Amino acid sequence: MRKDLLIEWRTRARLNALVFFAMATLLLFSFALGPDTRLLERNAGGYLWLAILFASVLSLGESFRVEAENACLDGVRLAPADARAIFLSKALGNTALLVVLGIVLVPVMVALFGVKIVLGLGDLGLTLMLGCLALSAPGTVYSAIASNARARDVLLPLLLFPLIVPSLLAAAKATTLVLQGDPMHQLGSWFGLLSGFNLIYWGLGFLLFPKVIED
Amino acid sequence: MGKQLHRVLPVVAVVLLAAGAYLGLFWAPPDREMGDVQRIMYVHVPAVWMALLALTLNFCCSVTYLFKPSWKTDAMAEASAEVGLLFGTVGVLLGSIWGRPTWGVYWTWDPRITTAAIMLVAYVGYLALRRFVEDPEKRAVWSAVVGIIAAVDVPIVWFSVRWWRSLHQVQSSPKTVDPLMVLPLRVSAFAFLALMIVFISRRYLIALADRNAEVALPEALPTDDPATRGNSGTPKVVA
């Protein structure tokens, strides 16, 4: 994981590109839907997560392209580390990247859509954390697969998008509640759904990832 | 035995389908509230049952493959996913045709319909993966992994009508429908079951033949990757 973060830090261009890509996505939503601030405000949570999702496809795709170049994955595989450790570090690295992206995006969203964060930053942070974890676990497994296949740029979203619909829904709902207040106390159940999703897919990824990268 | 079954089962399927159609269309009474529209249940419900059954078979094959690799399991996984997707699509289309007169819309974001749609798209991705990976061994392992991950949605589709009570009614079964409707439903279900077995077994033989052909001549096959074409001595460059 240190290696991934190191690469990330040294090639900051990628993170920058991701951030600007996601910001452009947010901007595009406001253009596409017209200047109806009420509409934008009401759906801000959904837009935020769509921007993160689109950016995550790019970053996940990149995360194994680094390895595919110069056959680095073989090197990583030969290293005296468990394949599961590789999964955990890759997935956590991707999560960290997405969380950073989310943290950068939130102020932009607040400015663009004119939303207020009613429930405070703690809940927002937890939502970001859980949502990004939920994107990263299946995303890492699938990007390891897609990076070696033909048409990988099509394949990753094709595999990933249907899978993460529940987590996207939960994350967007939770964000909307954080932004607009939660009079019915529903936030907990969305967090529960996200946690359950994480449990399933981190578990599956942990079990199945060694099979994916073995020769 | 196997050969005979191959010849007999399609006939059985067609006869049962015809019987189910007759019973469903003419013998069973119209529904008290929905009238004749309800008769679509006799094909919609079995189609979805078979889809879930086939995808469950795919899950079993995927798990088995990871523990004990074999081309047969892989071929069966491919066949069951394809047939499952076919029946699932038929089921969703029929449901949507039924939804228009009953609910007033072809499509609604009901949990059952939504999860079923997610399931179908997930298996489209699974089959796309199978087309995009050339190495048969890697394809088998990866699609097994993807099959297991995608299978998480299958029980969710089944239980969605119980967890979230909404538009879609609880599963139709002999317990929830009128006794006079049970017979056509049963006949139809067995017809679809026979049809599914016919489809899967045919598709399985094709897939197995494909696999054997691939494994028999791995080098002789033309490759459409320009990086490896012509200069097979140098290592493959992955950009």
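The values are calculated or read from the model by the stated rules, or taken from the named source; none is laboratory data. The shown structure was predicted, so the numbers you read here are calculated from the model rather than taken from an experiment. Here the Cβ positions follow ideal geometry from the backbone for every residue, glycine too, while neighbour counts run over all protein chains shown. Protein only, heavy atoms only, side chains kept; ligands, DNA and RNA dropped before computing areas. Shrake-Rupley method; radii C 1.70, N 1.55, O 1.52, S 1.80 Å.
Apply the Karplus parameterisation 6.51 cos²θ - 1.76 cosθ + 1.60, with θ equal to phi minus 60°, to every residue of the stretch B:114-119 and state each ³J(HN,Hα) to the nearest whole Hz, in sequence, with x for glycine and proline.
4, 5, 5, 5, 4, 4
Taking chain A as the reference, fit the longest principal axis to its C-alpha atoms, fit the long axis of helix A:187-213 to the helix C-alpha atoms, and give the angle between the two in degrees, 0 to 90, nearest 10.
Tilt of helix A:187-213: around 20 degrees.
List the residues of the stretch A:159-189 that lose 40 Å² or more of accessible area once all protein chains are present, compared with their chain alone (1.4 Å probe, heavy atoms only, no ligands or nucleic acids).
SASA drop of 40 Å² or more in the stretch A:159-189: A:LEU159, A:PRO162.
Rolling a 1.4 angstrom probe over the protein heavy atoms, how many square angstrom per residue are accessible across the stretch A:94-149? Walk me through the numbers before you get to the answer.
Details: 1720 Å² over 56 residues.
On a per-residue basis, 31 Å².
Starting at the first residue of the stretch B:49-55, write each ³J(HN,Hα) from the Karplus equation 6.51 cos²θ - 1.76 cosθ + 1.60 with θ = phi - 60°, in whole Hz, x for Gly and Pro.
3, 5, 4, 5, 5, 5, 6
Could you compute the FRET efficiency for B:TYR106 and B:LYS3, with r as their C-beta to C-beta distance and R0 at 41 Å, rounded to 0.05?
Computed FRET efficiency for B:TYR106 and B:LYS3 comes out at 0.40.
Angle between the Cα long axis of helix A:83-113 and the longest principal axis of chain A, 0 to 90 degrees, nearest 10?
20
Peptide B:10-21: average number of partner chain Cβ atoms within 10 Å per residue?
0
Within the stretch B:84-116, whose backbone N sits under 12 Å from a point 7 Å along Cα→Cβ of A:VAL165?
Inside the label zone: B:108-116.
When the solvent-accessible surface of protein heavy atoms is calculated with a 1.4 angstrom probe, in what order do B:HIS6, A:HIS185, B:HIS44 fall, highest first?
Working: B:HIS6 60, A:HIS185 160, B:HIS44 40 Å².
So the residues, ranked largest to smallest area, are A:HIS185, B:HIS6, B:HIS44.
Quick one: if the Förster radius is 45 Å, what FRET efficiency do B:ARG186 and A:PHE20 give, using the C-beta to C-beta distance and rounding to 0.05? Walk me through the numbers on the way to the answer.
On the way: r = 60 Å, r/R0 = 1.33.
According to the calculation, E is roughly 0.15.
Rounded to the nearest percent, how much of the accessible area of chain A (1.4 Å probe, protein heavy atoms only) is carbon and sulfur?
On chain A, the fraction of accessible area on carbon and sulfur atoms equals 69 percent.
As I understand it, the value is the acute angle between the Cα axis of helix A:165-180 and the longest principal axis of the Cα atoms of chain A; what does it come to in degrees, rounded to 10?
Taking the Cα atoms of chain A, the angle to A:165-180 is about 40 degrees.
Leaving ligands and nucleic acids out of the surface, order B:MET76, A:MET129, B:MET181 by accessible area at 1.4 Å, largest first. Walk me through the numbers on the way to the answer.
On the way: B:MET76 55, A:MET129 85, B:MET181 15 Å².
Reading off the accessible areas and sorting them downward yields A:MET129, B:MET76, B:MET181.
In nanometres, what is the gap between the two model label sites at B:ALA213 and B:LEU127, each 7 Å from Cα along Cα-to-Cβ?
According to this spin-label approximation, the distance is 1.9 nm.
Once the convex hull of the alpha carbons of the stretch B:1-92 is built, what does its volume come to per residue, in cubic angstrom?
Normalising the Cα hull of the stretch B:1-92 by residue number yields 108 Å³.
Between A:VAL104 and A:LEU199, what length comes free when the chain is fully extended (0.36 nm per residue of separation minus the Cα-Cα distance, one decimal in nm)?
The A:VAL104-A:LEU199 span can extend by a further 31.5 nm.
Could you sort the residues of the stretch B:96-123 by number and keep only those whose accessible area is reduced by 50 Å² or more in the all-protein-chain setting relative to the chain alone, 1.4 Å probe?
Residues meeting the cut-off: B:ILE118.
Please compare each pair in A:LYS90/A:LYS116; A:LYS90/B:LYS72; A:LYS90/A:LYS211; A:LYS211/B:LYS3; A:LYS173/B:LYS138 to a cut-off of 27 Å on the Cα-Cα distance and tell me which ones are over it.
A:LYS90/A:LYS116; A:LYS90/B:LYS72; A:LYS211/B:LYS3; A:LYS173/B:LYS138
What list of ³J(HN,Hα) values in whole Hz, one per residue of the stretch B:192-206 in order, does the Karplus curve 6.51 cos²θ - 1.76 cosθ + 1.60 (θ = phi - 60°) give from phi, with Gly and Pro shown as x?
So the Karplus estimates, Gly and Pro as x, are 5, 4, 4, 4, 5, 4, 4, 4, 5, 5, 4, 5, 5, 5, 4 Hz.
Show me you know the interface measure: the accessible area buried between A and B, both chains summed, probe 1.4 Å, in Å² to the nearest 100.
2200
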